[in-house]
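A short worksheet on the structure shown next.
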Amino acid sequence: MSDSARLYAYKALFDGKRLVTRSDLMEVAEVSLATFKRDIAKLRDQMGMPILFDKDRGGYYLDRNNLSTELPGLWFSPEELVALLTIQRLIEQLQPGLVGLKLKPLQKKLTDLLQAKGLGDTEVANRVRMMSAGKRGLELKAFEMVALATITRKRLKITHLNRQRSEQVERIISPQELVHYRDNWYIDSWCHLRNGIRSFAVDAIEEVQILRDTAMEVETFELRKVTQSSYGIFAGQPTAWAVLRFSKHRAQWVEGELWHPDQLATREPDGCYLLKVPYSDDRELLGDILRFGADVQVLEPKDLRTKVQMTLLAAVSKYV
């Protein structure tokens, strides 16, 4: 049994009983007396578990008056574990460069933290798998320069590929904030060419140059109003509300999803799930609707309903 597995076994016993005998602990962990003593010392000294021994009753127990959390140390919450492993994976994926080299010491500290909590590198790698869907390749040079200009408040001259029109556009932007969305990076900016707030996919920036000019500041309220008022990554004030009805079968999953902070949702008497979300650009919304196939129906607006219908008909025609 691995070190972390034994510690979890001890924890389960302490959770279930107020007093645990030495024989019970040694039996569940399948260890010798010497290993048991080392494990108890580790739980006390490294994991911060307030384990006490009662001579009169001949057993170990937890001083629950000193428990600041459920059990400190080893027991990460799901959110903490995801955050920790995400940082590790991001560092691992960095190509050799200034940022990558500076983050190597941080990576070692994260590894040491995991090991101190009973989760060594091998254990984590073998037991936790992180998957990315739709992640695009990222040009590291562009990312580093965009990030540097954003933090130091400098303007950028970029050549950006508009994938929808398959054209390159050169423009000057004042970067406001980096956004990590669906495993890809975007830069919310003031575009001096269009004289407005725009979001650009960093991996679509083909050329980049940091300028000496100070970046123009956009008030946070104005930035959020444009970048977060509508569905998805596309900026702009909402122009319509999509009304979607999900089947009773699919409702049990979709009901727990947050599509937009201002969404409106209700369960209908027949068990179907009615969802309303504001949007300004239907490209991302259209893709998300289509992935549900026959389990969703667009009720409003008419133009979105028509687009979904035409897309599905076009898809069916390829299989005739």
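The values are calculated or read from the model by the stated rules, or taken from the named source; none is laboratory data. Quick caveat: nothing in here was measured; it's all calculated off a predicted structure. Glycine gets a Cβ as well: all are built from the backbone with ideal geometry, and neighbour counts include every protein chain shown. Surface areas here come from the heavy atoms of the whole protein model, side chains and all, with no ligands, DNA or RNA. Shrake-Rupley method; radii C 1.70, N 1.55, O 1.52, S 1.80 Å.
Structural remarks
- Phe234 among the aromatic types (Phe, Trp, Tyr), open to solvent by less than 60 Å² (accessible area, probe 1.4 Å) and over 28 Å from Ala147 (Cα atoms): no
- Residue in the range 158-180 that is farther than 24 Å from Gly232 by Cα, touching a Lys or Arg at 6+ places or on another chain (Cβ under 8 Å) and loosely packed, with under 13 Cβ neighbours inside 10 Å present: yes
- Among the residues listed as Thr69, Thr35, the single one being polar (S, T, N, Q) and at pLDDT 80 or above: Thr35
- No other residue among Trp241, Trp185, Trp259 is assigned to a strand (DSSP E or B), aromatic (Phe, Trp, Tyr), within 27 Å of the chain's Cα centre (by Cα) and within 22 Å of Ala294 (Cα to Cα) apart from Trp241.
- Leading residue by the ranking (modelled with the lowest pLDDT) among those in the range 287-305 that are open to solvent by less than 60 Å² (accessible area, probe 1.4 Å) and more than 22 Å from Gln252 (Cβ to Cβ): Gly287
- Per-region count, the range 186-213, residues open to solvent by less than 90 Å² (accessible area, probe 1.4 Å) and more than 21 Å from His260 (Cβ to Cβ): 16
- Listed conditions (1) out of contact with any helix residue (DSSP H, G or I) (no Cβ under 8 Å at 6 or more places or on another chain); (2) more than 22 Å from Leu285 (Cβ to Cβ); (3) open to solvent by 50 Å² or more (accessible area, probe 1.4 Å) are all met by Lys225, apart from (2).
- The range 41-59, subset under 11 Å from Thr21 (Cα atoms) and in contact with a Leu (Cβ under 8 Å, 6 or more places away or on another chain), residue most open to solvent (accessible area, probe 1.4 Å): Arg57
- Some residue of the range 135-155 being farther than 30 Å from Gly287 by Cα, of a type in the set (D, E, K, R), surrounded by fewer than 16 Cβ atoms within 10 Å (Cβ to Cβ) and modelled with pLDDT of 90 or more: yes
- Where Ala265 falls short, out of the listed (1) in contact (Cβ under 8 Å) with a residue 24 or more places away in the chain; (2) surrounded by fewer than 19 Cβ atoms within 10 Å (Cβ to Cβ); (3) more than 28 Å from Lys157 (Cβ to Cβ): (1)
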